[in-house]
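The values are calculated or read from the model by the stated rules, or taken from the named source; none is laboratory data. Please read all numbers here as calculations on a predicted model, not as lab measurements. Cβ placement follows ideal geometry from the backbone for every residue including glycine, while neighbour counts extend to all protein chains displayed. For accessibility, only protein heavy atoms count, side chains too; no ligands or nucleic acids. Shrake-Rupley method; radii C 1.70, N 1.55, O 1.52, S 1.80 Å.
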Amino acid sequence: MSSADKARRWRQILTELRPDLPGQWSLRGSGLGTVLAREPVDWALAWIGYSGSPTRPQGWVSAGVQPLVTPFTSWVMTYGVRMDEVRSGPRTVDLLSDEAADQTRRFVLDTGLAKIESWPSERLADVAERDYAQAPAKRRTHWHQVPGWRVVTGSASPVDPAQQLADLSQGRAAEASGKGARQLADQAAFYERLVAAWHEGERDAALRFLTEQRDHALAGQKLDVVTA
């Protein structure tokens, strides 16, 4: 079994699944990183994807929503579900088995779509603001989206939460090392540049910055090109 065989099979499964989904969906990405993405992709990417070793026979199908108002370094499962989190149904899928397409379809239609529909952009923005309103020690990670959603919706200035996130990321970067430190430094730079854009031209300049960052991130994940 080669990784190329698995990738071809995964693409075939997604291609066959797409007509069963409500709305317009496209294939984006490449190899085993190919996802079904709901179109149009704006500030919250609804996706269906696969994770697992390219050489091992079994892996997992997941579905969720990826906010695109923050740095995109990896898939966020906070607003998603993986098939092994579901009590009923198989916990893994072997892409080369005869049952793989049906198992994927059942997971997506029975569980995955409901998870996606439960996280529209409006709810993401609202939950982020409510998280930000908590005392800092009680916050989770939802509030990291607050600056971006404020710009996208035009609801308020992003400066205060963005500066807090820049400072937080800088502090954590100083205590980390290797890849983790670089990612945290990049996050700090993201929020600092967002603040600078707002001071330069308020919402118009900040929105241009977020759009550029989103498009660059999608390209970096090979998700900028619709392949089917």
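Just to be sure, is residue 104 in contact with a helix residue (DSSP H, G or I) (Cβ under 8 Å, 6 or more places away or on another chain), part of a loop (DSSP other than H, G, I, E, B) and open to solvent by less than 60 Å² (accessible area, probe 1.4 Å)? Judged against the criteria, residue 104 is not a match.
For segment 88-101: of the residues being of a type outside the set (A, V, I, L, M) and buried (at least 17 other Cβ atoms within 10 Å of the Cβ), which is nearest to residue 58 (Cα to Cα)? For segment 88-101, the residue satisfying everything is 94.
Residue 64: out of contact with any Leu (no Cβ under 8 Å at 6 or more places or on another chain), in a loop (DSSP other than H, G, I, E, B) and among the small types (Gly, Ala, Ser), yes or no? Spelling it out, it is not the case that residue 64 is out of contact with any Leu (no Cβ under 8 Å at 6 or more places or on another chain), in a loop (DSSP other than H, G, I, E, B) and among the small types (Gly, Ala, Ser).
This table checks each residue for (1) modelled with pLDDT under 95; (2) exposed (fewer than 15 other Cβ atoms within 10 Å of the Cβ).
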residue: 190; (1), (2): no, no
residue: 193; (1), (2): no, no
residue: 197; (1), (2): no, no
residue: 206; (1), (2): no, no
residue: 212; (1), (2): no, yes
residue: 215; (1), (2): no, yes
residue: 227; (1), (2): yes, yes
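Checked against the criterion of being free of Cβ contacts under 8 Å to residues at least 12 places away in the same chain and within 22 Å of residue 62 (Cβ to Cβ), the candidates 105, 123 yield just one match: 123. Examine segment 20-34 for a residue that is among the aliphatic types (A, V, I, L, M), assigned to a strand (DSSP E or B) and in contact with a helix residue (DSSP H, G or I) (Cβ under 8 Å, 6 or more places away or on another chain), and state whether such a residue exists. Yes, because at least one residue in segment 20-34 is among the aliphatic types (A, V, I, L, M), assigned to a strand (DSSP E or B) and in contact with a helix residue (DSSP H, G or I) (Cβ under 8 Å, 6 or more places away or on another chain).
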